[in-house]
1. Among the numbered criteria (1) in contact (Cβ under 8 Å) with a residue 60 or more places away in the chain; (2) over 15 Å from residue A:91 (Cα atoms), which single criterion is violated by residue A:60?
2. Looking only at residues in region B:91-103 that are assigned to a loop (DSSP other than H, G, I, E, B) and in contact (Cβ under 8 Å) with a residue 60 or more places away in the chain, which one is nearest to the other protein chains (Cβ to nearest Cβ)?
3. Hey, among the residues in region B:41-87 that are within 14 Å of chain A (Cβ to nearest Cβ) and assigned to a loop (DSSP other than H, G, I, E, B), which one's farthest from residue B:19 (Cα to Cα)?
4. Among the residues of region A:62-71, count how many are under 21 Å from residue B:105 (Cα atoms) and away from chain B (no Cβ under 14 Å).
5. If residue B:106 meets every condition in (1) away from chain A (no Cβ under 14 Å); (2) on the phi < 0 side of the Ramachandran plot; (3) at pLDDT 95 or above apart from one, which number is that one?
6. Filtering region A:50-60 down to residues that are within 14 Å of another protein chain (Cβ to nearest Cβ) and in a strand (DSSP E or B), which residue is surrounded by the fewest Cβ atoms within 10 Å (Cβ to Cβ)?
């Protein structure tokens, strides 16, 4: 089992819909969780981070963390074509390097 | 404020040559990371610097790779005797130092390295 797993996609949603991106992790001691967006040919860009169970909202983005089930998700409301990118999940435990998923490719269709 | 700055943005060189890649982190960020990303692949950790502590070199793929960080700021990644499999985008990130690795990392635009 990979340490951080993401569905590679592609995930396709219509413009205006909610996109749901999921990430599972194997280290139960993980404490810090990050979502990055990476456009083709560009570097990763931080979208959100979350440390505590529950939801964290920032504009159209909501991160959801469930440590008991070892998953973290990213919801994108009112998806726009400009949201089309690869979304990377990264997870860290105390004193452990950040472990990166391979990313989920999202396409938002006008 | 200024973000992470990397140079050059692109580098094309012949197999066997040495290359140096530079990273200037965000001011005040004492943690600095180097990653490599091959086409269509995930991020591969290379090396981590934190303040004056000894760097974590556990991700360096061979002894042809080395990195240094002078004055706790600018870092240089050096690849000696380059091989075609070294072709990739080399990404630098920096962050504040918190508990463990709980501080978000911020990336530069990367250096695209092509070995002919």
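1. Of the numbered conditions (1) in contact (Cβ under 8 Å) with a residue 60 or more places away in the chain; (2) over 15 Å from residue A:91 (Cα atoms), the odd one out for residue A:60 is (1).
2. Top of the filtered list is B:103.
3. This residue is B:53.
4. So the count comes out to 3.
5. Of the numbered conditions (1) away from chain A (no Cβ under 14 Å); (2) on the phi < 0 side of the Ramachandran plot; (3) at pLDDT 95 or above, the odd one out for residue B:106 is (1).
6. Filtering region A:50-60 for residues that are within 14 Å of another protein chain (Cβ to nearest Cβ) and in a strand (DSSP E or B), the one surrounded by the fewest Cβ atoms within 10 Å (Cβ to Cβ) comes out as A:58.
Residues are listed down the side, and each one gets a yes or a no for (1) within 13 Å of another protein chain (Cβ to nearest Cβ); (2) part of a loop (DSSP other than H, G, I, E, B); (3) free of Cβ contacts under 8 Å to residues at least 60 places away in the same chain:
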{"position": "A:16", "(1), (2), (3)": "no, yes, no"}
{"position": "A:21", "(1), (2), (3)": "no, no, no"}
{"position": "A:24", "(1), (2), (3)": "no, no, yes"}
{"position": "A:36", "(1), (2), (3)": "yes, no, yes"}
{"position": "A:48", "(1), (2), (3)": "yes, no, yes"}
{"position": "A:75", "(1), (2), (3)": "no, no, yes"}
{"position": "A:90", "(1), (2), (3)": "yes, no, no"}
{"position": "A:102", "(1), (2), (3)": "yes, yes, no"}
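Residue by residue, here is whether (1) buried (at least 18 other Cβ atoms within 10 Å of the Cβ); (2) under 16 Å from residue B:4 (Cα atoms) holds:
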site: B:62; (1), (2): no, no
site: B:65; (1), (2): yes, no
site: B:72; (1), (2): no, yes
site: B:90; (1), (2): yes, yes
site: B:95; (1), (2): yes, yes
site: B:111; (1), (2): yes, yes
site: B:116; (1), (2): no, no
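The values are calculated or read from the model by the stated rules, or taken from the named source; none is laboratory data. Note that the structure is predicted; figures quoted are calculated from it, not measured. As a convention, Cβ positions derive from the backbone with ideal geometry for all residues, glycine included, and neighbour counts pool all protein chains shown.
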